[in-house]
Structure formats: structure tokens, C-alpha cells
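Quick notes on the structure that follows.
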Amino acid sequence: MSAPTASEPRRRWRRPSRGAAIAAVAVVLPLVALLTVRTVVGNEPEVRRSSFASLTDWYVSAEAPGRSFNDRWLQTSNSARHHVRTYLRFRVDGLTGGVTRVTLRLQAASANRGGFLVVAVPPDAWTGRATAWRDAPPLGQVVGGSGPIDHPGWVAADLDLARTYRGPVLLALVAASTATGRYASGDTGDTGPRLEVETTVGRGGPAAATGRTAAADTPVRVVAAGDIACDPTSPADPEEGPTVGPPCAQAATSDLALSLRPDAVLPLGDNVYSNGTLTRYRRWYQATWGRLDPISHPIPGNHEYITSAESVDAAGYFAYFRTRAGDLGTGWRSFDLGRWHLIALNGQCPPAGSCGPGSPQERWLRADLAAHAKDRCVLAYWHEPRFSSGRHGNDKRFAAFWDDLYRAGAEIVLNGHDHDYERFAPQAPDGRADPDRGVREFVVGTGGANLRQFRAVEPNSEVRANSSAGVLVLELRPEGYCWRFASAAGGSFNDSGSGTCH
């Protein structure tokens, strides 16, 4: 796709005739556009399906940052030369019952190897007119995606039910690969974007499963591991050095994780190899660790960001985990489990921005710790370890993270990346042993992809093992924690201990 030229017309709104018609139709659509109504028989719930046309749609281009574009075709692109994004505005009113399914339907002009991501945008972030790239509304969580588009025609993307979808709805379409996508706009009439909402009368809509919400005085069981799934016919990264033991043990480690009946699961990045396309997630991750998705709180690794014909900018990761992965382009977030505060950081610096002092992520981390660390125990996790005796060794890019966590009195840091298990004694940011105030680090790159040899042993490294795939089991208690490394079938290594909150 060539960049938009200065001669192309700029339209902030639809043509008055269409805008007026759509506005009028929007009032009656909830009453007359019920595609299917199922009669209640006894206690059977009634299912209603309503369809809404886009009120406004436009696209923006980084190559023309001061303009917006609105014609018969909407566009997306994420190539090295072109960055184009589409926005869709709907209004959903008149629904009865609980929302049970939301589907976005678009008419695609051609096949597309990556398709698009559907991203939620806060309605209050919109200024009331078509915006240009430089002042476009911010992107929030990924709520759906098309996957690869095999042929032109209608494409359906089911959306997560993270919100009620009543009132204004603003969505963004972002390319999931380097391919350019073209989709019919509302100017085309019957082939324009449609938001279809299914509601059920007689029961509430399904709630997203996120694990139990533990009381502050209740212990919480957490399972963690990284470097997890791969294609058994093409083992992960043989070029990175010799491996130990059989590769692609994701079935065994996920069986183990399920048997432990955790309250939460922390996939520590490089969750699928050799790159994190949606196809690979669905084929090698979903059937195994995907069984734990409802209670998973993932982070991306470097392999999620490897660009391929089907994925760019961790699109496969965000498309698979959706709202569980945080906002598109950042991915960092925090949440509470019992009396513990957990912080999920994105160690891919770049492309997710710098991890150094004063970076947006580091400033967010400091603010989050200030708000939560005083009355809770703290666990942080990201992919690459600050300290490691494994193949990749220490990584100074994360010194600022460690400084902030140490000053706030954090207890635990979890990482993957090196395909081994390693436990460190509590230590200060400069690597000195600090049994009173130090942060204890675990490297758990044993999720199943393969295992690798250690290099030089780092100071404060207490336990190291590369003989067994497995998971780290943490019991997070109100005043402390205990840990246990559990080996998957065929392994025999174990490690256990306990610690207290600062």
C-alpha cells in the first residue's frame, strides 16, 4: 500500500445523508434488528441477537500523521514502510438480558496471512470526530482477532466479554502481520462493519474465569514456568547451543500443573517456539497449557516478538491471551492475590520501550509500588533474569526494575529465558547478599521446550538444576511464602524452602 497523498480528501464525518440515516437507524435498530428470537419454553432462556452498523469509521497513517482518511475501504498495515490503523465507532442500546456473545463482522477485500487484532479503546478517549495518527485514541486491551484470512469475503471475530457493550463502543483494528489489509467501510452500505450482540434473557451472561479471589488471610497457590511449548518435529532453537533431555515436554508439564490445582498460573514468556504466532499458540500451547488459560496471567518473552509472515509486535501473543495480556504495545500490569501484590512486567526493551530509569514502564512500576507495596507482600515477574548462571547470564537492562523493587521491600522476582532452574539467596541490586532486605530470584525456564547447560556460577546462587522439566509451586501466605520445584513425569529433581515478607 502506498502512503496516503495530500490530494486525498479528508472527511471528519460521514456524508450527511448517510450519517443522518445511520443515526436514525441506531434508534430503532435495538427494536427491529433482532435477527433471532427464541421462545422461552419452561425455564429455557430466551436468546436474542441484535446487529448494529458502524456510525463512524476511519483510518490513520503514520506516514501522514496530521490526517485522517475515510472512504469505501478501511486499511491496516504494520510493515516496516507503512503503519496504518482503523477505528470503528458503534452505539449499542436497547439490549435486554445478559450479554453472552459479541461478534465483529467485516468484509475483507483479499486474503491476509496475519489478519487483524481488535483492540478496545476507551469511549471517553475519543474527541467526537475522526482523528489523525498523531492524536489518535490510545489502544487498550486486545479483545479479539481474525487470525489468518484465507480468502476475500466476510470475516468474523468473536470479542471477549470484558465489558457490557452498552452505549458507545470504540474499537481499533491493528494489523497482526506485515501484510496490508483492506476492509469495506460503512460507505459500502450492507457490506460495512457490523457489531452483532447476543443476549440471553433469564440468566446473566458468562463471567470471565479468573481464578478465585482469595481473602487477605488466605494462602494462594501459584504455579510458574517459562519457555514452554514447541513443535516436536522442529525442536526449539537448536542453534542456541546443546540441549539436555527431550524437547517439547509441554504436555507433561501442563499435566503436572493441572494436578497441583493452582489458584493462578504465571507463564513466564517464550510460551511457544520458535516464534509466537497465533497458529503456533493454537497448535502447541492451547491443547496443553491452554487448559489453564482461565487462571493464567502471562508475560511475553523475546520469542513472542520475533517477526514472521504471520506475526509482528507479539501479535500472536496478544491475540491468544487477549485481555489477560494487558494493553497492546505495553503489556505491563498488576493485580492482587490474597495479601500479595503481583506485578507483570514486559522485559522486551525494545520493542516495548526502554526498561531503564525514567522510561514509561519504570515510572509506572515506581508508582504502582508506591500505591501497593506498603500493605502487601510483592512478587514481580518478567522474562529475562537480572541474575543468572545459565547460558544468557546476567542482564543489566533490568537494574532499574531491581532497584525499585528493592527499595519498596519486594520479596520475590520470577524469570525464565535460561532453560534451567536456579534459586538465588536474597540479594541487593548490585548482587550483594542481603538476607534482611534482599529480593529472592527464581529462574524457571523449565516449562517444557528444552533444557540447557549452565555457565559460570553467579554469587548468591543457592540451587541449580537442568535435569528435569517442571514448574515452581509457590504458596503465598499473609506473612510469607514457601516454594517447591515439582518435576514433570520422568524427572526427579526437587527443591523447597520458605521465606518471610519484609
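The values are calculated or read from the model by the stated rules, or taken from the named source; none is laboratory data. Quantities reported herein were computed from a predicted structural model and do not represent experimental measurements. Note that each Cβ is placed from the backbone with ideal geometry, even for glycine, and that neighbours are counted across all protein chains shown. These accessible areas exclude ligands, DNA and RNA; they are computed on the full protein's heavy atoms, side chains included. Shrake-Rupley method; radii C 1.70, N 1.55, O 1.52, S 1.80 Å.
Some notes on this structure:
- Only one of the numbered conditions (1) of a type in the set (A, V, I, L, M, F, W, C); (2) out of contact with any helix residue (DSSP H, G or I) (no Cβ under 6 Å at 6 or more places or on another chain); (3) buried (at least 24 other Cβ atoms within 10 Å of the Cβ) is not met by residue 325, and that is (2).
- Qualifying residue in the stretch 238-248 (condition: of a type outside the set (A, V, I, L, M) and open to solvent by less than 10 Å² (accessible area, probe 1.4 Å)): no
- Any hit, the stretch 439-458, residues being without any contact (Cβ under 8 Å) to a residue 40 or more places away in the chain, touching a helix residue (DSSP H, G or I) at 6+ places or on another chain (Cβ under 7 Å) and open to solvent by less than 30 Å² (accessible area, probe 1.4 Å): yes
- Within the stretch 270-289, restricting attention to residues that are within 10 Å of residue 320 (Cα to Cα) and under 14 Å from the mean Cα position of the chain (by Cα), the residue that is most open to solvent (accessible area, probe 1.4 Å) is 278.
- Across the stretch 147-169, the qualifying residues are those that are over 27 Å from residue 282 (Cβ atoms) and in contact with an Asp or Glu (Cβ under 9 Å, 6 or more places away or on another chain), and the one among them that is least open to solvent (accessible area, probe 1.4 Å) is 167.
- Residues located in the stretch 66-109, provided they are open to solvent by less than 10 Å² (accessible area, probe 1.4 Å) and not polar (S, T, N, Q): 69, 74, 84, 87, 88, 90, 92, 102, 104, 106, 108
- Residue ID - most open to solvent (accessible area, probe 1.4 Å), chosen from residues in the stretch 472-490 that are over 27 Å from residue 408 (Cβ atoms) and in contact with a strand residue (DSSP E or B) (Cβ under 6 Å, 6 or more places away or on another chain): 487
- Residue 27 being modelled with pLDDT of 95 or more and among the aliphatic types (A, V, I, L, M): no
- Taken as a whole, the structure places residue 127 among residues that are open to solvent by 50 Å² or more (accessible area, probe 1.4 Å) and not aromatic (Phe, Trp, Tyr).
- Residue within the stretch 480-501 that is more than 20 Å from residue 436 (Cα to Cα) and free of Cβ contacts under 8 Å to residues at least 12 places away in the same chain present: yes
- Considering 350, 298, the condition of being open to solvent by 40 Å² or more (accessible area, probe 1.4 Å) and either in a loop (DSSP other than H, G, I, E, B) or closer than 27 Å to residue 171 by Cα (or both) is satisfied by 350 alone.
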